[in-house]
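Quick notes on the structure that follows.
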Amino acid sequence: MRHTNVMNKDEETNQAAREAMKGAFYGTVKWGAAVGVLCGVGYAVSPLFRSFTIQFKTYIAMSGIAFGAALEAENRMSAYRNMMKLQHKAARNAMLQKALDEEYGPEEE
């Protein structure tokens, strides 16, 4: 059976995946710390929170962590997409300028 490893052929795709993973890791750490603090406060202050089972407390914490990871990964991907659009636009403009310079000569000021 022939294996095609398409994902490794496109460097831009790999870089986008790396940015998403960085964002997910950062979101996990940041939101995990925030959820941990909030759960600690909830445990100290709220008798209702203390009455929850350990499974439900874990679910609450994991939901916040997963949400934060997804949110930060999406933010990183959006920023990366915008950066790549600007780079592609600059490359197109440079090619156009080069073509114009070849056809009409360099621009004089």
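A few remarks follow.
- Whenever a residue of segment 35-47 is in contact (Cβ under 8 Å) with a residue 24 or more places away in the chain, its partners that are in a helix (DSSP H, G or I) and surrounded by fewer than 13 Cβ atoms within 10 Å (Cβ to Cβ), lying with C-beta atoms within less than 9 angstrom and at least six residues away or across chains, give the pairs 35/62; 35/63.
Here's the yes/no breakdown for (1) of a type outside the set (S, T, N, Q); (2) closer than 24 Å to residue 17 by Cβ:
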{"residue": "36", "(1), (2)": "yes, no"}
{"residue": "53", "(1), (2)": "no, no"}
{"residue": "62", "(1), (2)": "yes, yes"}
{"residue": "73", "(1), (2)": "yes, yes"}
{"residue": "77", "(1), (2)": "yes, yes"}
{"residue": "80", "(1), (2)": "yes, yes"}
{"residue": "86", "(1), (2)": "yes, yes"}
{"residue": "106", "(1), (2)": "yes, no"}
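- Condition met for residue 30 (free of Cβ contacts under 8 Å to residues at least 24 places away in the same chain and either assigned to a helix (DSSP H, G or I) or under 23 Å from residue 12 (Cβ atoms) (or both)): no
- Count - residues of segment 39-92 that are assigned to a helix (DSSP H, G or I) and either in contact with a strand residue (DSSP E or B) (Cβ under 8 Å, 6 or more places away or on another chain) or polar (S, T, N, Q) (or both): 8
For (1) without any contact (Cβ under 8 Å) to a residue 60 or more places away in the chain; (2) under 30 Å from residue 33 (Cα atoms); (3) loosely packed, with under 10 Cβ neighbours inside 10 Å; (4) polar (S, T, N, Q), each residue gets a yes or a no:
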residue: 54; (1), (2), (3), (4): yes, yes, yes, no
residue: 63; (1), (2), (3), (4): yes, yes, no, yes
residue: 75; (1), (2), (3), (4): yes, yes, no, yes
residue: 80; (1), (2), (3), (4): no, yes, no, no
residue: 97; (1), (2), (3), (4): yes, no, no, yes
residue: 103; (1), (2), (3), (4): yes, no, yes, no
residue: 106; (1), (2), (3), (4): yes, no, yes, no
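Values quoted throughout were computed directly from the atomic coordinates according to the rules given, and no laboratory measurement underlies them. Quantities reported herein were computed from a predicted structural model and do not represent experimental measurements. Note that each Cβ is placed from the backbone with ideal geometry, even for glycine, and that neighbours are counted across all protein chains shown.
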